[in-house]
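So the structure is just underneath, and the comments pick up after that.
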Amino acid sequence: MWENTIITHKIGEVRMRGGYSILREIHRKDFMPNGKDYGLLDYEFDNMIRFLEKQGYLERVLRVGDAYSLKPAKLTLKGLQLLKDKSDYEETYPARNGLIEWVRSEKEHYSNY
């Protein structure tokens with residue numbers, strides 16, 4: 001039972017750091033994030049965007065067929081609360097070219113358990 005808790009925690013935390021970053025960038029509009037920023041394939045990044053929408057963190061993603069745009073996307077109150085709750089991430093938050101390593105560093109940390 002304890003083992004399943006650790007696995008769930010690892011998955012949630014890795015997803016949380018990447019999700020935090022995507023939400024942060026959409027909210028600040030410094031740049032529009034894409035899969036390459038996180039070392040993800042296009043469909044993996046699209047799945048992450050869909051996850052954030054489905055969980056109620058993000059809304060107004062413009063979709064036309066298989067294409068989408070994050071320009072009109074907005075964070076929900078739940079998304080804004082997540083940014084506030086995870087504000088300690090700002091202490092180590094990197095420039096755009098360091099996002100892949102920043103997200104992976106957390107994955108490596110949790111894989112040591």
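The values are calculated or read from the model by the stated rules, or taken from the named source; none is laboratory data. Everything numeric here is computed off the predicted structure, so don't read it as measured data. We place every Cβ from the backbone using ideal geometry, glycine too, and count neighbours over all the protein chains shown. Side chains are part of the model used for accessible areas, which takes the heavy atoms of the whole protein and leaves out ligands, DNA and RNA. Shrake-Rupley method; radii C 1.70, N 1.55, O 1.52, S 1.80 Å.
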Probe 1.4 Å, all protein chains present, accessible-area order of GLU25, GLU59, GLU101, GLU91, largest first: GLU91, GLU101, GLU59, GLU25
Distance-filtered residues of segment 23-44 - backbone nitrogen under 16 Å, label point 7 angstrom along GLU90 Cα→Cβ: 23-30
Cα gyration tensor shape for segment 61-109, rounded if a/c is under 1.5, else prolate or oblate: oblate
Residue-span extension gain [LYS29 to VAL64] - 0.36 nm each, minus C-alpha spacing: 10.5 nm
